[in-house]
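The values are calculated or read from the model by the stated rules, or taken from the named source; none is laboratory data. What you see is a predicted model, and the numbers here were worked out from it, not measured in a lab. Every residue, glycine among them, receives a Cβ derived from its backbone with ideal geometry; neighbour counts consider all protein chains shown. Note: areas computed on protein heavy atoms with side chains; ligands, DNA, RNA excluded. Shrake-Rupley method; radii C 1.70, N 1.55, O 1.52, S 1.80 Å.
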Amino acid sequence: MRDRSEDGRLAEIAANLERVEARVQAACLSAGRGRAEVTVVAVTKTFPVEDVVRLHELGIRDVGENRDGDAAAKVAAVRSAGLTDLRWHFVGQVQRNKATSVATYADVVHSVDRVRLVSALSRGAVAAGRLVDCLVQVDLRDLPVDDGRGGASPADVLSVAAAIDAAEHLTLGGVMTVAPVSGDPSRAFHRLAEIASQLRTTYGRAAVISAGMSDDLEAAVAAGATHLRVGTALLGSRPALG
Ligand SMILES: *Cc1c(COP(=O)(O)O)cnc(C)c1O
């Protein structure tokens with residue numbers, strides 16, 4: 001058995017979590033929002049199953065992954081370790097040939113950015129007998145470039161949303177964005193909030209606004225984000241992807 005008092009990694013993650021929590025609370029306070037309006041999704045990609053267990057021990061129940069192969073293995077390992085009350089968020093680009101697999105374990109897919117993905121996700125969800133909440137990922141860069149970060153153009157959001165809403169075993173949860181690498185994240189986050197409120201005029205329950213990561217979570221809370229996807233600030237820096 002792991003001795004909790006001697007687990008330096010647990011202490012490190014606990015300290016990080018405390019700092020993130022303080023930032024989220026301060027951001028909520030200055031935005032006049034309740035802390036309960038904002039969910040922190042711990043993005044555990046590249047980190048081991050043990051870190052997911054530690055986060056769970058510290059009270060985290062929402063976990064995010066971005067690659068199907070890693071995510072499927074991690075979900076299975078965490079479940080067989082007896083942790084069944086986590087919500088798994090898939091935040092990475094979904095390849096169409098992986099969509100069916102993603103739908104068998106993800107509770108929320110943040111990155112649905114084209115109609116072609118929807119039927120594959122739906123098939124996987126139906127086959128697994130589960131409901132999957134889907135967010136439309138929106139690309140809010142001024143000049144979209146195909147750099148693999150994904151996202152539907154704002155003009156395509158409604159058609160992707162309609163496809164999700166019509167698909168069996170998928171529910172339309174809301175919208176997501178990744179802030180542009182350069183420039184002011186606030187602008188993108190406010191634009192996302194506008195798109196979200198337009199979407200809610202048709203789909204009243206699509207209330208999720210997934211925005212904000214380690215470096216820009218304050219701006220996201222200020223703009224109305226309901227979900228923050230936080231990796232580095234909780235778990236430390238990831239090895240550079242080769
Ligand atoms: C990795 C990742 C995050 C977390 O980013 P950090 O800067 O480490 O907090 C958030 N969203 C997506 C889509 C990611 O791929």
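Some observations on this one:
- Apportionment of accessible area to carbon and sulfur, the chain, percent (1.4 Å): 52 percent
- Computed on the Cα trace of segment 4-235, the radius of gyration divided by the Kirkwood hydrodynamic radius gives Rg/Rh = 0.96.
- Extent of segment 100-196 along its three principal axes (Cα atoms, max minus min coordinate, largest first): 42, 24, 19 Å.
- A convex hull fitted around the alpha carbon atoms of segment 182-227 yields 58 Å³ per residue.
- Among L121, L234, Q25 the positive-end extreme of the charge dipole of the chain (Cβ point charges): L121
- Shown here for segment 135-242: trypsin sites (Lys or Arg not before Pro) in loop regions (DSSP other than H, G, I, E, B) with at most 15 other Cβ atoms within 10 Å, namely R205.
- A prolate overall shape is assigned to segment 154-242, the ratio a/c of its alpha-carbon gyration tensor axes (a ≥ b ≥ c) being 1.5 or greater and a/b exceeding b/c.
- The slack in the chain from D70 to E57, taken as 0.36 nm per residue of separation less the alpha-carbon distance, amounts to 2.5 nm.
- At a probe radius of 1.4 angstrom, the accessible area of the chain per residue rounds to 47 square angstrom.
- Placed amide H near V112: partners under 5 Å, 5+ positions off or other chain: L135, Q137
- Backbone phi angles across segment 221-228, fed through the Karplus curve with coefficients 6.51, -1.76 and 1.60 (θ = phi - 60°), yield HN-Hα couplings of 4, 4, 8, x, 4, 9, 10, 10 Hz in residue order; Gly and Pro are listed as x.
- Within segment 32-161, the proportion of C-alpha pairs whose separation exceeds 22 Å stands at 40%.
- For segment 50-61, putting each phi into the Karplus relation 6.51 cos²θ - 1.76 cosθ + 1.60 with θ = phi - 60° gives couplings of 4, 5, 5, 4, 4, 4, 4, 4, 8, x, 6, 10 Hz, in residue order, rounded to whole numbers and with x for Gly and Pro.
- Across segment 93-102, rounded Karplus estimates of 3J(HN,Hα) from the backbone phi angles (6.51 cos²θ - 1.76 cosθ + 1.60, θ = phi - 60°) give 4, 9, 7, 4, 6, 9, 4, 4, 5, 4 Hz, Gly and Pro being marked x.
- Amide N of segment 44-70 lying under 19 Å from the label point, which is placed 7 angstrom from the Cα of E12 along Cα→Cβ: 44-60
- Label separation (S119 vs R33): 3.7 nm, computed from points 7 Å beyond Cα along the C-beta direction.
- Summing Cβ point charges (Lys, Arg +1; Asp, Glu -1) relative to the Cα centre of the chain gives a dipole of roughly 400 debye.
- Centre separation in Å (Cα based) which lies between segment 93-144 and segment 2-75: 23 Å
- Amide H contacts for D62 (H built 1.01 Å from N in the peptide plane; partners 5 or more residues away or on another chain; cut-off under 5 Å): A42, R87.
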